1. Would you check if there is a residue in segment 194-202 being among the β-branched types (Val, Ile, Thr) and not assigned by TED's automatic domain parsing to the domain that holds Ala46?
2. Take segment 195-225 and flag every residue that is assigned to a helix (DSSP H, G or I) and farther than 20 Å from Arg276 by Cβ.
3. So Glu106 passes all but one of these: (1) in contact with a Gly (Cβ under 7 Å, 6 or more places away or on another chain); (2) of a type outside the set (A, V, I, L, M); (3) closer than 20 Å to Glu283 by Cβ. Which condition number does it fail?
4. Give segment 66-95 a look and list any residue that's within 22 Å of Arg317 (Cβ to Cβ) and surrounded by fewer than 16 Cβ atoms within 10 Å (Cβ to Cβ), or say none.
5. Only residues that are aliphatic (A, V, I, L, M) and on the phi > 0 side of the Ramachandran plot: list them for segment 297-350, please.
6. Could you grab me the full set of residues in segment 277-289 that are within 20 Å of Asp328 (Cβ to Cβ) and surrounded by fewer than 24 Cβ atoms within 10 Å (Cβ to Cβ)?
Amino acid sequence: MRTVPSILHIDMDAFFAAVEQRHKPSLRGKPVVVGGVGLRGVVSTASYEARAFGVGSAMPTALARRRCPNAAYLFPRFGAYHEISQVVMGILREFSPLVEPVSMDEAFVDLEAMTQGPPKDEQEVRAHARRLSALVAERTGLTASVGAGTSKLVAKVASDADKPHGCVVVAAGSEQRWLDPLPVRKLWGVGPATADRLHTMGATTVAELRALGEHELVSLLGNAWGGQLFRLSRGRDERVVSAEREAKSVSVEDTYPHDLMDLYSIRAAVTELAERVVRRLREGGHTGRTVTVKARGHDFTTVTRSETLAGPTDDVRLLLPAALRLVDGAAAAATGQMRGIRLLGVGISALAEYAQGDLIAELEGLGEYTPQGAETDEAHAPPAEPAPVPAVTMYGPVPEAPEARHWLAGQDVRHPQWGPGWVQGAGLGRVTVRFEGPDTPPGRIKTLDVADPDLEAVDSAEVARAALPQEADIAAERPAGPDVGG
Ligand SMILES: [Mg+2]
């Protein structure tokens, strides 16, 4: 156990929405929702102004529109976010070579690995955290929240404790006391299904969860997850900050102390596993396309079933129905006529970075979500090759078909007469553009023909680069501090 809270977790505040507000002056101080804007779209990020109306991440966009009809609903511009993410990760590496990016807007930094030596005490950690936060603001124009603790768990929970622009350092030795009053949902990996089951057991806070005891948690949630959750509830987390993480697939599995005997408990367990796997997927900034369910019967017969979705996604509402369909078949095959499932697992493979199934489906006109069955029994066939990811990149401009230009809300454009702008909406052969750029005053709206040959799509990464403070300005302002080695 560390005696100095030297693990930092940094998390950009409402990242996607904040970038949109930075690049689109007319949206500053206004509700902004970034995500899939179609019928089945899901909110990725809501600005704080939109959160005040009850809009939040992973909510169906249709519901968000009912709660906050006046928000700007924008497609993500991953190229721009990626560009800014690189700047943030670069700042973190100036502090310590040991940086573990979790997603585009989130990373762990281990200050023990600092080139000029680890921080000696909590005050030094706090000074580094403040400086880091100041540098991010200066070089990106955006705010971040920083948490520090003796473990990744505590650092992560701490960065979330005082958003936005927070800085929370949890002193070594006070972890348990600090975690105790928090809701169980704050603990790593606890999704709605786990939280519901814990609430049923009378545990709404971390202290109550801990009071249930390890034995109770294991019989409720299985060996691996129940045991891990008990350790987390005590602030115990041995995971190290690791600079290399390459995952081709993510999966979670659990063995149960008592065989699961009925479909109801099997389905409840799969729901929990699916939520955990989606969390892991999102933490890695990934989406996946092939869902695999593994079931092991009482006699160790192991069956896996998989299904490939129409497009990659990180939406549990798309993945869970597939997992539930698969587990019915897998459980039946693993147990035969006989009772009892002792192990279940849920995995997702064919990972893609930062692409969203609903967006891809909308872009490609794939329409309805239609899973394509692809079943394999582990005993008889080798695991299926992951299905290829559709060749749609979310980094650059949207691919253009010359005959029908497809403008997306939020997309960057330029017009020789009106200058830089972004698409507010399109339909009925017209496209509405607000002509403004990151460094102009709020601009005016013009309505143009969708086929207007003068209207040009612009790469969002280019817009992001141009909006960053220039290198020369930064070098002049760079305060003395940790070595900027390498
Ligand atoms: Mg964030």
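The values are calculated or read from the model by the stated rules, or taken from the named source; none is laboratory data. This structure is a prediction, so every number in the text was calculated from the model and none was measured. As a convention, Cβ positions derive from the backbone with ideal geometry for all residues, glycine included, and neighbour counts pool all protein chains shown.
1. Within segment 194-202 (the criterion being among the β-branched types (Val, Ile, Thr) and not assigned by TED's automatic domain parsing to the domain that holds Ala46), the answer is yes, since at least one residue qualifies.
2. Of all residues in segment 195-225, those assigned to a helix (DSSP H, G or I) come to 195-200, 206-212, 214-221, 223-225.
If the condition is that a residue be assigned to a helix (DSSP H, G or I) and farther than 20 Å from Arg276 by Cβ, then Ala207, Glu208, Ala211, His215 are the ones that fit.
3. So Glu106 meets the others, but not (1).
4. Scanning segment 66-95 gives a single hit, Arg66.
5. Going through segment 297-350, the residues aliphatic (A, V, I, L, M) turn out to be 303, 309-310, 316, 318-320, 322-324, 326-327, 330-334, 338, 341, 343-344, 346, 348, 350.
Hit for segment 297-350 is Ala350, nothing else.
6. none
Yes/no matrix, rows are residues, columns are (1) within 18 Å of Thr143 (Cβ to Cβ); (2) acidic (Asp, Glu):
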residue: Lys24; (1), (2): yes, no
residue: Pro31; (1), (2): yes, no
residue: Asn70; (1), (2): no, no
residue: Gly79; (1), (2): no, no
residue: Glu83; (1), (2): yes, yes
residue: Val88; (1), (2): yes, no
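Residue-wise test of (1) surrounded by fewer than 23 Cβ atoms within 10 Å (Cβ to Cβ); (2) among the hydrophobic types (A, V, I, L, M, F, W, C).
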residue	(1), (2)
Ala50	no, yes
Ala64	no, yes
Gly117	yes, no
Ala129	no, yes
Ala137	yes, yes
